[in-house]
Amino acid sequence: MTPWEPTEADEQSVRMPQDEERELIEIELLLEGMHRLYGYDFRNYALPSLRRRIWHYAHSEGLKTISGLQEKVLHERSAFERFVQNLSIPVTEMFRDPALFKTFREKIIPVLRTYPYIRIWHAGCSTGEEVYSMAIMLHEEGLYDKARIYATDMNDRSLQQAKEGVYGIEKMKLYTTNYLEAGGTRAFSEYYTAKYNSVMFHPYLRKNIIFAEHNLATDRSFNEFNVIFCRNVMIYFNDELRNHVHGLFHESLSHFGILVLGSKESIHFTEFSDAYEPLDRTEKIYRKIK
């Protein structure tokens, strides 16, 4: 017989205020312990989604309490690494939101042509699909040779896949459609080699990409950039962490640098809202003006 596991609704129906307080204390102790022992800071992530992911991982490990999860994570490095993978589930695709890439090609690429050298940072790059999308677009526009793309994430496993540039062949139909809608000028299949059930993007697309581990919550600025992409990452942050990351981006962008956010994100209601002007409100493309 399959063991019963409570659903979100079940938990809400039986939890008392004291239970909720105990759970909150357990979560705070878990996150504080991870930060102090491993240097990973999830303390300012939005609580509802964080709580769901914590319980999802606890159940997958056969644990009934968050305190039990804390003991396991703090005493077993492998358990901690699995937990981090669970907290940073990658959600991405090539030329995701094609209208954004088309707008970037039409409005931003002409500006980048005037620069002698281009630095682009993809913060929270996940498994790299967005980074290769940028490399392809710059290649088609004749700008790749004078560009350097910095692709960072806190998830080691995602970064490793990004470095390899290997993806499932079943995704190529969607990616091809996205590419064409984004203004692609060639056959998308020119950029990869298919083998068995996977495709590998050609090495020349990686030659100007630097992949590195970087945690937006704890790490500092490491260069000055003309463009920063950070899409659908900060939706998991609370206001304090969101402002911190916007401060990091503001420090890292050159004057008139371009900031690209996700469709569900905005520069408004942050401490840096008046430091930017919108270049495209729909696609969340902003230019730093002060």
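The values are calculated or read from the model by the stated rules, or taken from the named source; none is laboratory data. Given the structure is predicted, the values throughout are model-derived calculations rather than measurements. Methodologically, a virtual Cβ is constructed for each residue, glycine included, from the backbone with ideal geometry; neighbour enumeration extends over all protein chains shown. Surface areas here come from the heavy atoms of the whole protein model, side chains and all, with no ligands, DNA or RNA. Shrake-Rupley method; radii C 1.70, N 1.55, O 1.52, S 1.80 Å.
Results, tabulated for the structure shown:
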| quantity | calculated |
| --- | --- |
| Residue match in the range 221-230 (condition: open to solvent by 80 Å² or more (accessible area, probe 1.4 Å) and within 13 Å of the chain's Cα centre (by Cα)) | no |
| Unique residue being within 24 Å of GLU213 (Cβ to Cβ), over 25 Å from the mean Cα position of the chain (by Cα) and not aromatic (Phe, Trp, Tyr) when the list is LYS72, LYS64 | LYS72 |
| Near pairs, Cβ below 9 angstrom, 6+ apart or cross-chain, from the range 18-37 (at positive phi) to any residue that is of a type in the set (Gly, Ala, Ser) and part of a helix (DSSP H, G or I) | none |
| Elements of type strands (runs of 3 or more DSSP E) in the range 246-290, at least 1 residues being under 20 Å from CYS125 (Cβ atoms) | 253-261, 285-288 |
| Check on SER133, in a helix (DSSP H, G or I), over 30 Å from GLU271 (Cα atoms) and free of Cβ contacts under 8 Å to residues at least 40 places away in the same chain | no |
| Filter result (surrounded by 18 or more Cβ atoms within 10 Å (Cβ to Cβ), out of contact with any Leu (no Cβ under 7 Å at 6 or more places or on another chain) and not β-branched (Val, Ile, Thr)) within the range 249-264 | HIS250, SER252, GLY257, LEU261, GLY262 |
| Any chance PHE269 is buried (at least 19 other Cβ atoms within 10 Å of the Cβ), aromatic (Phe, Trp, Tyr) and more than 18 Å from PHE104 (Cα to Cα) | no |
| Residues of the range 112-132 satisfying the condition of being open to solvent by 60 Å² or more (accessible area, probe 1.4 Å) and of a type outside the set (S, T, N, Q) | ARG113, PRO116, TYR117, ARG119 |
| Counted residues, the range 133-150 - those being farther than 19 Å from ALA187 by Cα and either open to solvent by 10 Å² or more (accessible area, probe 1.4 Å) or outside the structural domain of ILE108 (by the TED database) (or both) | 4 |
| Lone unmet requirement of (1) among the hydrophobic types (A, V, I, L, M, F, W, C); (2) at positive phi; (3) surrounded by fewer than 16 Cβ atoms within 10 Å (Cβ to Cβ) for PHE95 | (3) |
| Residue under evaluation VAL91, criteria (1) closer than 20 Å to GLU213 by Cα; (2) in contact with a helix residue (DSSP H, G or I) (Cβ under 6 Å, 6 or more places away or on another chain); (3) in a loop (DSSP other than H, G, I, E, B), criterion not met | (2) |
| Exclusive hit being modelled with pLDDT under 95, surrounded by 15 or more Cβ atoms within 10 Å (Cβ to Cβ) and over 27 Å from the mean Cα position of the chain (by Cα), set GLU5, GLU23 | GLU23 |
